[in-house]
Amino acid sequence: MKTAQAGTLESSDIMITLSPQEPGDGVKIDIDSNVLHQYGEAIQAVIASTLAEAGVKDVWVKAVDRGALDYTIKARLLTALDRARRAA
Amino acid sequence: MMINAIGREIPEVVEGYGPVKSFAGAFATPPGMQRQAPAVKAARPGDSKLLDGLEEVFRRIPVRDGMTLSFHHHFRNGDGVVNQVLATAARLGIKNLKVALSSVFPVHAPLVEHFKTGVVTALDTNYMSGPVAEAVSRGVLAQPVVLRTHGGRARAIECGQLKIDVAFIAAPAADPCGNINGVTGPTACGSLGYAFPDAEYADHVVAVTDHLEAYPLSPVSIPQTRVDYVVKIERIGDPKGIVSGTTRITKDPVQLKIADTAAKVIEAAGLIRDGFSFQTGAGGASLAVAHFVRQMMKKARITGSFALGGITGHLVEMLEEGLFKKIIDVQGFDLEAVRSIASNPNHLEVSAGFYASPFNAGCAVNQLDCVILGATEIDTDFNVNVVTGSDGVIMGGSGGHSDAAAGAGLTIVVANLLRGRLPIIMDKVLTATTPGETIDVLVTEWGVAVNPRRAELREQLLAAGLPVKEIGELKAIAEKMAGKPKEVPLGSRIVAVVEYRDGTVLDVVRQAK
């Protein structure tokens with residue numbers, strides 16, 4: 001797995017960057033969002049559950065959100081994950 | 001604490017504002033007062049009004065600590081007068097000024113420094129965006145800002161609640177005797193309507209210009225009989241920030257759909273008929289509504305009576321095509337509006353009071369068949385917020401929003417159901433700036449909600465096949481897509497008082513964290 005990215009900084013989109021971590025480091029999620037107050041926890045939750053479903057254990061997720069809906073977040077995350085795995 | 005007519009909790013006294021008159025309903029509070037009158041003046045033959053620079057103006061009046069200085073906002077984000085006048089005040093060591101500026105834009109950022117140094121300690125305005133709004137929201141001023149409507153500001157000046165010591169009028173053209181217009185000179189901005197009450201009621205009136213013409217100037221918007229001093233400075237504004245080129249219709253398909261639906265609402269309400277009168281803004285979906293209404297009017301071969309408000313080239317074209325007989329103009333938004341008001345006798349320049357004051361013998365908004373307005377938030381009682389963003393930071397203001405909403409026969413709010421991820425419909429708006437009783441229809445891309453007070457209108461829209469839904473249904477659709485937003489924590493300090501057009505208090509704005 002290598003560092004990979006998906007998404008844009010357009011309104012209603014999210015840009016997700018994944019960086020591989022050492023085994024045992026766990027999942028680290030950093031979120032920057034214009035709706036952090038209102039939806040920060042919701043964004044965190046959808047990223048965490050999507051990673052768990054995909055069986056990813058050690059990764060650093062940097063998410064720059066511009067008001068994306070859940071399905072957009074999930075799609076961008078899965079695409080980034082796909083790219084990270086292909087790059088390996 | 002008391003609860004006003006729209007259920008907002010308001011303190012009985014707000015420190016730095018005074019006792020609160022609670023909002024009782026859009027037309028529930030009678031004026032019960034006399035107009036205020038400025039001092040009577042005299043001038044002799046041979047007197048000269050021309051002064052050499054702003055410092056000279058300050059000395060001659062003289063401007064003292066604690067005075068109220070007023071300004072108009074027709075120069076919008078191209079204004080150079082407010083900053084130069086306040087820099088002069090700072091240089092002369094004057095403190096504790098109140099600034100009564102009809103709207104505050106990002107260009108007025110230097111105000112923040114004047115707040116910090118105590119040169120300016122109070123602000124009275126109808127709209128603010130940019131660094132000043134941000135600083136006010138964070139609590140830079142000890143005294144809460146008074147947020148008024150355009151009509152409410154005129155009312156407050158005319159009735160003596162906003163007493164102006166010195167009105168500085170940015171004058172695109174002036175003559176040495178103080179006649180002013182907004183249509184000639186390098187910074188032509190069109191109508192000067194918002195400055196009329198200031199000129200009429202201030203104790204001292206100063207014309208600040210960079211374009212001096214020979215006496216007598218014509219046309220005259222503000223007459224020499226009200227102007228005490230004329231000062232010529234190098235530059236009063238940046239034309240690029242004052243008027244835009246052609247204001248273009250949005251290409252956003254969602255906004256176009258909303259605009260198309262809004263136009264169909266107007267048609268279904270039976271308003272596309274001879275004599276139709278209309279107001280719409282320049283932004284987003286609003287201008288697009290004018291585009292669709294224009295097509296409908298042509299197709300139906302009808303002639304409207306007038307278009308009102310902030311005027312764009314689109315409305316000017318409709319006047320020139322004969323779709324409207326007149327334009328009533330309190331502010332121009334683009335070069336076409338300036339050209340038209342300068343040359344077309346059917347394009348009328350009116351004062352803020354004529355436009356929208358609730359306390360005179362009749363204002364223009366009362367003659368409106370229909371107005372199209374925007375919203376940052378709207379609640380299930382149809383109360384609208386156009387003052388604070390979702391983070392509680394001030395990013396706008398009523399301007400003419402609540403005035404036109406109160407006056408028009410049909411008030412339509414157009415808005416995307418989601419703004420980014422944020423649902424536009426709430427249980428309770430963060431800040432109420434226009435009461436729900438004055439809003440008739442909400443148009444979104446997911447359907448149309450009609451205020452329950454307008455049962456007959458609801459039937460008309462249903463009969464026309466429009467997608468009528470309950471406002472609660474629309475709210476549920478939004479929350480299904482986006483999730484329910486968590487409430488933003490706010491401080492307890494009051495940073496602004498939102499006055500309704502009649503001077504009663506609709507709501508307060510708390511400090512943002």
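The values are calculated or read from the model by the stated rules, or taken from the named source; none is laboratory data. On a predicted model such as this, the values are computed, not experimentally measured, just so you know. Using ideal geometry, Cβ is built from the backbone for each residue, glycine included, and neighbour counts are taken over all protein chains shown.
Points to keep in mind about this one:
Residue-by-condition table, conditions (1) surrounded by fewer than 20 Cβ atoms within 10 Å (Cβ to Cβ); (2) part of a strand (DSSP E or B); (3) outside the structural domain of B:E213 (by TED's automatic domain parsing):
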site	(1), (2), (3)
B:S70	no, yes, no
B:A87	yes, no, no
B:A100	no, yes, no
B:A142	yes, no, no
B:G152	no, no, no
B:A170	no, yes, no
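- Tally of residues being part of a helix (DSSP H, G or I), crowded, with 19+ Cβ neighbours inside 10 Å and more than 14 Å from every other protein chain (Cβ to nearest Cβ) across the stretch A:51-75: 1
Listed here are the residues, each with its yes/no results for (1) within 26 Å of B:V63 (Cα to Cα); (2) free of Cβ contacts under 8 Å to residues at least 40 places away in the same chain.
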| residue | (1), (2) |
| --- | --- |
| B:G185 | no, yes |
| B:C189 | no, no |
| B:D210 | yes, yes |
| B:E213 | no, no |
| B:L217 | no, no |
| B:V230 | yes, no |
| B:I233 | yes, no |
| B:G237 | yes, no |
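- Among the residues of the stretch B:93-125, those that are β-branched (V, I, T) and in contact (Cβ under 8 Å) with a residue 60 or more places away in the chain comprise B:V107, B:T125.
- Members of the stretch B:376-385 found to be buried (at least 24 other Cβ atoms within 10 Å of the Cβ) and more than 14 Å from chain A (Cβ to nearest Cβ), listed by number: B:I378, B:F382, B:N383, B:V384, B:N385
- Qualifying residue in the stretch B:360-367 (condition: on the phi < 0 side of the Ramachandran plot, touching a Phe, Trp or Tyr at 6+ places or on another chain (Cβ under 9 Å) and at pLDDT below 95): no
- Residue match in the stretch B:503-511 (condition: away from chain A (no Cβ under 14 Å), under 20 Å from the mean Cα position of the chain (by Cα), part of a strand (DSSP E or B) and not β-branched (V, I, T)): yes
- Residues that are in a loop (DSSP other than H, G, I, E, B) and within 13 Å of the chain's Cα centre (by Cα) were ranked within the stretch A:1-50; the one that is nearest to the other protein chains (Cβ to nearest Cβ) is A:D13.
- Yes/no for B:I272 being crowded, with 24+ Cβ neighbours inside 10 Å and either touching a strand residue (DSSP E or B) at 6+ places or on another chain (Cβ under 8 Å) or not assigned by TED's automatic domain parsing to the domain that holds B:P172 (or both): no
- In summary, helices (runs of 4 or more DSSP H) completely within the stretch B:232-330 and bearing 2 or more residues that are under 21 Å from B:V443 (Cα atoms) occur at B:253-268, B:284-300.
Residue-by-condition table, conditions (1) touching a Ser or Thr at 6+ places or on another chain (Cβ under 6 Å); (2) of a type in the set (G, A, S); (3) crowded, with 24+ Cβ neighbours inside 10 Å; (4) closer than 15 Å to B:H73 by Cβ:
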| site | (1), (2), (3), (4) |
| --- | --- |
| B:G178 | no, yes, yes, no |
| B:N181 | yes, no, yes, no |
| B:A195 | no, yes, yes, yes |
| B:H204 | no, no, no, no |
| B:A214 | no, yes, no, no |
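- For the stretch B:244-295, the set of residues classified as among the small types (G, A, S) and more than 24 Å from the chain's Cα centre (by Cα) consists of B:A268, B:A269, B:G270, B:G275, listed by residue number.
- Close Cβ contacts (under 8 Å, 6 or more residues apart or on different chains) running from residues in the stretch B:487-501 that are within 14 Å of another protein chain (Cβ to nearest Cβ) and touching a residue at least 40 places away in the same chain (Cβ under 8 Å) to residues that are among the hydroxyl-bearing types (S, T, Y) and surrounded by 17 or more Cβ atoms within 10 Å (Cβ to Cβ) comprise B:V488/B:S390.
- Of the criteria (1) under 26 Å from B:V132 (Cα atoms); (2) more than 14 Å from chain A (Cβ to nearest Cβ); (3) touching an Asp or Glu at 6+ places or on another chain (Cβ under 7 Å), which one B:G400 fails: (3)
- Comparison of B:A89, B:A39 shows that the only residue that is closer than 19 Å to B:D203 by Cα and modelled with pLDDT under 95 is B:A39.
- Residue list for the stretch B:411-433, restricted to those being out of contact with any helix residue (DSSP H, G or I) (no Cβ under 6 Å at 6 or more places or on another chain) and over 19 Å from B:H401 (Cβ atoms): B:G420, B:L422, B:D427
- B:M481 surrounded by fewer than 20 Cβ atoms within 10 Å (Cβ to Cβ) and within 28 Å of B:T250 (Cβ to Cβ): yes
- Any hit, the stretch B:352-361, residues being surrounded by 19 or more Cβ atoms within 10 Å (Cβ to Cβ), under 24 Å from B:R248 (Cα atoms) and not β-branched (V, I, T): no
- Verdict on B:S390 being assigned to a loop (DSSP other than H, G, I, E, B) and in contact with a helix residue (DSSP H, G or I) (Cβ under 8 Å, 6 or more places away or on another chain): yes
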